[in-house]
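Report on the following structure.
The values are calculated or read from the model by the stated rules, or taken from the named source; none is laboratory data. Note that the structure is predicted; figures quoted are calculated from it, not measured. Positions of Cβ are backbone-derived with ideal geometry, glycine not excepted, and every protein chain shown enters the neighbour counts.
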Amino acid sequence: MLLVPATTADIGDIVELVNKAYRDENPKGGWTDERELLAGPRIGEERLADMIAHENCVVLLCRRYEDAKLIGCVAVKEMEHGMWHLSLLAVDPALQAAGLGRAILTAAEKYVLEREGRSIQITVIGLRKSLLEWYVRRGYAQTGVIEVFPYDDESVGTPLRQDLSLIVLRKSLDRPTSLRSRETYF
Ligand SMILES: CC(C)(COP(=O)(O)OP(=O)(O)OC[C@H]1O[C@@H](n2cnc3c(N)ncnc32)[C@H](O)[C@@H]1OP(=O)(O)O)[C@@H](O)C(=O)NCCC(=O)NCCS
């Protein structure tokens with residue numbers, strides 16, 4: 001799985017992919033989309049440009065080999081004490097449930113590990129049960145922390161319910177044996 005860091009030239013493609021994956025208006029949609037919880041776009045060009053410009057954040061892209069179409073993406077941001085925050089994981093709805101999301105997540109974890117990251121934290125809307133279970137199967141565990149949903153932040157879209165909250169999950173990354181032995185040796 002080859003993930004390439006995004007530049008400002010990719011912004012249009014990313015906005016289109018992310019909004020389609022999170023809030024697809026197509027009745028078939030993806031298996032995890034959140035259109036019953038929030039309306040409006042998940043992200044706009046300005047917010048994405050800020051993420052790409054942030055020195056501690058990178059948006060990683062998966063483009064199809066044959067035609068370079070953007071089919072998946074994920075953002076990781078270095079926080080503190082080796083902890084990174086992961087967001088914007090998205091797969092083209094037409095290609096979901098075929099292992100691509102898992103492969104992108106694994107590649108993002110490898111990216112973080114190679115930069116001395118020790119854990120990854122994510123937040124998931126509590127009502128998205130099948131998505132929460134998907135992350136648990138990938139090794140993410142609930143931390144017990146539940147954040148208040150940012151109802152006053154218009155940039156996340158228009159909430160359609162008043163009972164949204166954000167569950168915080170975390171995964172510790174295993175240091176590969178090769179890195180561990182190098183640390184011990186030196
Ligand atoms: C979450 C997401 C990235 C996963 O990508 P994906 O390519 O669909 O995922 P995968 O094919 O790797 O895994 C699919 C898994 O879901 C299961 N699944 C498929 N359809 C399902 C359904 N209708 N209900 C529940 N589980 C389902 C599959 O059996 C498979 O299970 P496994 O974990 O045991 O392998 C993708 O669905 C997406 O873009 N969602 C919208 C954006 C989003 O919500 N991102 C996460 C925000 S925190």
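A few comments on the model shown:
- Cβ-Cβ under 9 Å pairs, at least 6 apart or on other chains, the range 94-112 side within 16 Å of residue 75 (Cβ to Cβ), far side of a type in the set (S, T, N, Q): 101/32; 112/119
- Among the residues of the range 2-21, those identified as surrounded by fewer than 20 Cβ atoms within 10 Å (Cβ to Cβ) and touching a strand residue (DSSP E or B) at 6+ places or on another chain (Cβ under 7 Å) are 4, 5, 10, 13.
- The set of residues from the range 113-157 being of a type in the set (A, V, I, L, M, F, W, C), over 27 Å from residue 41 (Cα atoms) and within 16 Å of the ligand (Cβ to nearest atom) comprises just one member, 141.
- Failed criterion for residue 49 (all others in (1) part of a loop (DSSP other than H, G, I, E, B); (2) surrounded by fewer than 17 Cβ atoms within 10 Å (Cβ to Cβ); (3) aliphatic (A, V, I, L, M) hold): (1)
- Filtering 59, 76 for residues that are of a type in the set (Val, Ile, Thr), under 17 Å from residue 16 (Cα atoms) and away from the ligand (no atom under 11 Å from the Cβ) leaves a single hit, 59.
- Answer from 34, 80 - the residue that is closer than 23 Å to residue 170 by Cα, acidic (Asp, Glu) and either touching a helix residue (DSSP H, G or I) at 6+ places or on another chain (Cβ under 6 Å) or modelled with pLDDT of 95 or more (or both): 34
- Test: residue in the range 22-32 that is surrounded by 13 or more Cβ atoms within 10 Å (Cβ to Cβ) and outside any loop (DSSP other than H, G, I, E, B): yes
- Taken together, the residues in the range 120-137 that are surrounded by fewer than 16 Cβ atoms within 10 Å (Cβ to Cβ) and closer than 15 Å to residue 173 by Cα amount to 2.
- Scanning the range 148-170 for residues that are loosely packed, with under 12 Cβ neighbours inside 10 Å and not in a strand (DSSP E or B) turns up 151, 152, 153, 154, 161, 162, 163.
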